[in-house]
1. Any chance you could check the Cα centroid distance between segment 1-37 and segment 51-90 for me, in angstrom?
2. For Lys43 paired with Glu80, estimate the spin-label separation in nm (one decimal), with each label point 7 Å from Cα along the Cα-to-Cβ line.
3. For Glu69 paired with Asn15, estimate the spin-label separation in nm (one decimal), with each label point 7 Å from Cα along the Cα-to-Cβ line.
4. Going highest first, how would you order 36-42, 58-64 by mean Cβ packing within 10 Å?
5. Taking the chain as a Gaussian network, where each spring joins two C-alpha atoms under 10 Å apart, which residue of Lys43, Lys56, Lys11 fluctuates the most?
6. Given N residues in the chain, what is Rg(Cα) / (2.2 N^0.38 Å)?
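Read the figures in this text as sums done on the coordinates, not as results from a lab. Remember, predicted model here, so these are calculated numbers, not experimental data. Neighbour counts are summed over all protein chains in view; Cβ atoms, including those assigned to glycine, are modelled from backbone coordinates with ideal geometry.
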Amino acid sequence: MNIFEVATKLKFRYNATKGTISTEDLWDLKLEDLDKIAKGLNKQIKEGDEESFITKRTTANTVLDTKFEIVKHVISFKLEEKEKRVLAAQ
């Protein structure tokens, strides 16, 4: 399943400086704000990433990983757009 399908089906929400936002709202944020969200998700992943050899990964781990991948995708897309605008201006 596509990560955006998962996000909309499970109604992912992200903690932003303005409060809680949806996946669709990520596209409206500045790169700096997206970076803050990505750092927060990465921190949560690392805190919950203590490896266990007797227990399976939880659903919470999978959700955090998917949210992180979505935010990274939006950041990548916006960086590519920015680069294209710079090249077009030259």
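1. 10 Å
2. Using points 7 Å along Cα→Cβ, the separation is 3.0 nm.
3. 2.3 nm
4. 36-42, 58-64
5. It is Lys56.
6. Against the compact-globule rule of thumb, the ratio is 1.24.
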